[in-house]
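> Dropping a structure here in structure tokens format, bear with me for questions.
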Amino acid sequence: MNYKIRAIEKDEYPLLDEFLYNAIFIPDGAAQPPKSIINAPELQVYVEHFGERKGDNALVAEVGGKVVGACWTRIMNDYGHIDDDTPSLAISLYKDFRGIGIGTALLRETIKLMSSKGYRRISLSVQKANFAVRMYERSGFRIIEEKREEYIMARDL
């Protein structure tokens, strides 16, 4: 499948709401939460006023002229927060575009971008049952904290 990784355009920032919703890990057999869940303060921290805060960077994956995935970073007090100098990362692809290498490419380009901007590391939070844990490990992330249902992972740049 042909895809292109590129910087997000300012007029595409609202797409981050959709990708935030798609990033929510739903275990097998669990019900999909309502879309309004992204309005919760602990989730709004990922997207609210994007582009205006330290560490705000985003890349998107495009297939056939349509954005199908996004990877963004922000220094924020989120689930993956480790310190005030380390951007947290969020990544999401539409279901039909998962498992074919686009997410790995998006993550790899985000790592390069953050390194070029002088950041020392990036972090994330991921549910232990999420298949993406393996992608993060293959991309150089390591578990730095284990909670009951999730890992906090970081990658030195």
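Only the coordinates and a few stated rules stand behind these numbers; no lab work does. The model shown is predicted, which means the values in this text are computed figures rather than measured ones. Cβ sites come from the backbone with ideal geometry, for glycine too, and all protein chains shown count toward neighbours.
> Given H placed 1.01 Å from N in the peptide plane, which residues other than close sequence neighbours of Ile82 have an amide H under 5 Å from its amide H?
Close amide H contacts, sequence-distant or interchain: none at all.
> Can you tell me what percent of all Cα-Cα pairs in the chain are more than 28 Å apart?
For the chain, the share of Cα pairs beyond 28 Å comes to 12 percent.
> Related question: Given H placed 1.01 Å from N in the peptide plane, which residues other than close sequence neighbours of Tyr3 have an amide H under 5 Å from its amide H?
Under 5 Å from the amide H of Tyr3 lies no amide H from a residue far enough along the sequence or on another chain.
> Check which residues have an amide H placed less than 5 Å from Ser88's amide H, if you skip close sequence neighbours.
Residues meeting the amide H criterion: Arg74, Ile75, Met76, Ser123.
> Just to check I understand the Karplus step: with θ = phi - 60° and J = 6.51 cos²θ - 1.76 cosθ + 1.60, what whole-Hz values come out for region 138-146, glycine and proline as x?
5, 8, x, 6, 10, 6, 10, 8, 10
> Would you calculate, for the chain, the mean residue ellipticity at 222 nm contributed by helices, counting each DSSP H stretch of 4 or more residues as -39,500 (n - 2.57) and dividing by all residues, to the nearest 500?
-6000 deg cm²/dmol
> Counting only DSSP beta bridges with both residues in the chain, what percent are antiparallel, rounded to the nearest 5?
Of the beta bridges lying entirely in the chain, close to 95 percent run antiparallel.
> Karplus couplings for region 12-19 from phi (6.51 cos²θ - 1.76 cosθ + 1.60, θ = phi - 60°), rounded to Hz, Gly and Pro as x?
3J(HN,Hα) across region 12-19, in whole Hz: 9, 3, x, 4, 4, 4, 5, 6.
> Give me a comma-separated list of calculated 3J(HN,Hα) values for region 44-54, in order, Karplus coefficients 6.51, -1.76, 1.60 applied at θ = phi - 60°, integers in Hz, x for any Gly or Pro.
Couplings: 4, 4, 6, 10, 4, 6, 4, x, 10, 10, 4 Hz.
> Also, I was wondering about something else. Measuring from a point 7 Å past the Cα of Glu48 along Cα-to-C-beta, which residues in region 1-28 have an amide N at less than 17 Å?
14, 16-18, 20-21, by backbone N distance to the label point.
> Among Gly140, Pro27, Trp72, pick out the residue whose Cα is farthest towards the positive end of the charge dipole of the chain, where Lys and Arg carry +1 and Asp and Glu carry -1 on C-beta, about the Cα centre.
Comparing the listed Cα positions along the dipole, Gly140 ranks first.
> Quick check for me: using +1 on Lys/Arg Cβ and -1 on Asp/Glu Cβ, what's the dipole size of region 4-156 about its Cα centre, in debye to the nearest 20?
560 debye
> Beyond a 26 Å Cα-Cα separation, which of these cross-linked pairs lie in this structure: Lys35/Lys95; Lys35/Lys66; Lys95/Lys128; Lys10/Lys128?
Correct reply: Lys10/Lys128.
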